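Undergrad: To start, I am sharing the structure in question, which I have written as structure tokens.
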Amino acid sequence: MTSLNDQTRTLAFALLSLSALAGSYIMIALSSELSGSVMVLPISYLVLGMLIKYGDQAYDERTFSRRNAFRLAVPGGLLLGFIMIIDNGTATIALGLLISLLLAGKYDNKGFMIAFLVAFAVIVAGLLAGTSSPSIFGIVLAGAASFADEWGDGWAENRNGLLEKALCQRPFLKVMVLLLCVVGLLSSYLYFLMFLTFDFGYSLVEAYSEQYKEADCASI
């Protein structure tokens, strides 16, 4: 049976490999358009995935410090708002995700609510200023897929079948992001790679938190 240490190392390797792949893709496909704003996107997706799972584990599982999670809410919201302003594809995905989580009632603690309000305020300011113009149709599709993920994860909780395990991986938004790339509502397949980077960051913190809880229980 694979140990949690081995799982963490595997996730870390996969994460670094995927980040390198995303960076290489940018340099090859967008070499004539490279800028600091483009290069910051992959690492931002990674960081946001880690921050969101950190908050999840802090508030829901009490694995990490709630105080630290609360302190990270404003910088996390600002980071998300910033990359939505500088990149319309990110704004399309993220706005769909943010709105679906609001409709699903997932902002159930102060940290997440503050992060949502900060990010939403920043992107609204960008929309009003004309610096951001995401796809409305893309937002609706991404939001519907994200909402389906929330429903599927809730239904599959405490069930052990193959379908349930698949739904716990929240597949709908991943597939939707890929489809949005295929039909051209997202301008590059890089968005799918970056979204996987976000997911790896989320999973990396989840694996670490499980290891942390196991070590804490063993010390009692």
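Undergrad: I need the phi-derived Karplus couplings for the stretch 181-192: 6.51 cos²θ - 1.76 cosθ + 1.60, θ = phi - 60°, integer Hz, Gly and Pro marked x.
TA: Coupling constants for the stretch 181-192: 5, 4, 8, x, 6, 10, 6, 8, 5, 4, 4, 5 Hz.
Undergrad: Assuming 0.36 nm per residue, please report the length gained on full extension of the stretch SER187 to LYS165 beyond their Cα-Cα distance. Intermediate values should be presented prior to the final figure.
TA: Values: separation 22, 0.36 × 22 = 7.92 nm, distance 3.13 nm.
Result for the pair: 4.8 nm of gain on full extension.
Undergrad: Taking square-rooted eigenvalues a ≥ b ≥ c of the alpha carbon gyration tensor, is the stretch 72-138 rounded, prolate or oblate, where a/c under 1.5 means rounded and, failing that, a/b exceeding b/c means prolate? Show your work: numbers first, answer last.
TA: Working: a/c = 2.25, a/b = 1.39, b/c = 1.62.
Oblate is the answer for the stretch 72-138, as a/c is 1.5 or above yet b/c matches or exceeds a/b.
Undergrad: Going by the alpha-carbon gyration tensor, a ≥ b ≥ c the square roots of its eigenvalues, is the stretch 116-184 rounded (a/c under 1.5) or, if a/c is not under 1.5, prolate (a/b greater than b/c) versus oblate?
TA: Here the stretch 116-184 falls in the oblate category.
Undergrad: What is the fewest-to-most order of LEU141, LEU163 by other Cβ atoms lying within 10 Å of their Cβ? Numbers along the way, then the final one.
TA: Numbers: LEU141 21, LEU163 11.
Going from sparsest to densest Cβ surroundings: LEU163, LEU141.
Undergrad: Based on the Cβ-Cβ distance of VAL124 and VAL175, what FRET efficiency does E = 1/(1 + (r/R0)^6) give at R0 = 41 Å, to the nearest 0.05?
TA: 0.90
Undergrad: Pull out the extension gain between LEU78 and GLU210, defined as 0.36 nm times the separation in residues minus the alpha carbon to alpha carbon distance; nm, one decimal.
TA: Gain in length upon complete extension: 44.7 nm.
Undergrad: Could you work out how much longer the chain between ARG71 and MET113 gets when fully extended? Use 0.36 nm per residue separation minus the Cα distance between them, nm to one decimal.
TA: 13.9 nm is the gain from fully extending ARG71 to MET113.
Since every read-out is calculated from the coordinates, none of them should be taken as a lab result. It should be emphasised that the depicted structure is a prediction, and the values quoted were computed from it without experimental measurement. Glycine gets a Cβ as well: all are built from the backbone with ideal geometry, and neighbour counts include every protein chain shown.
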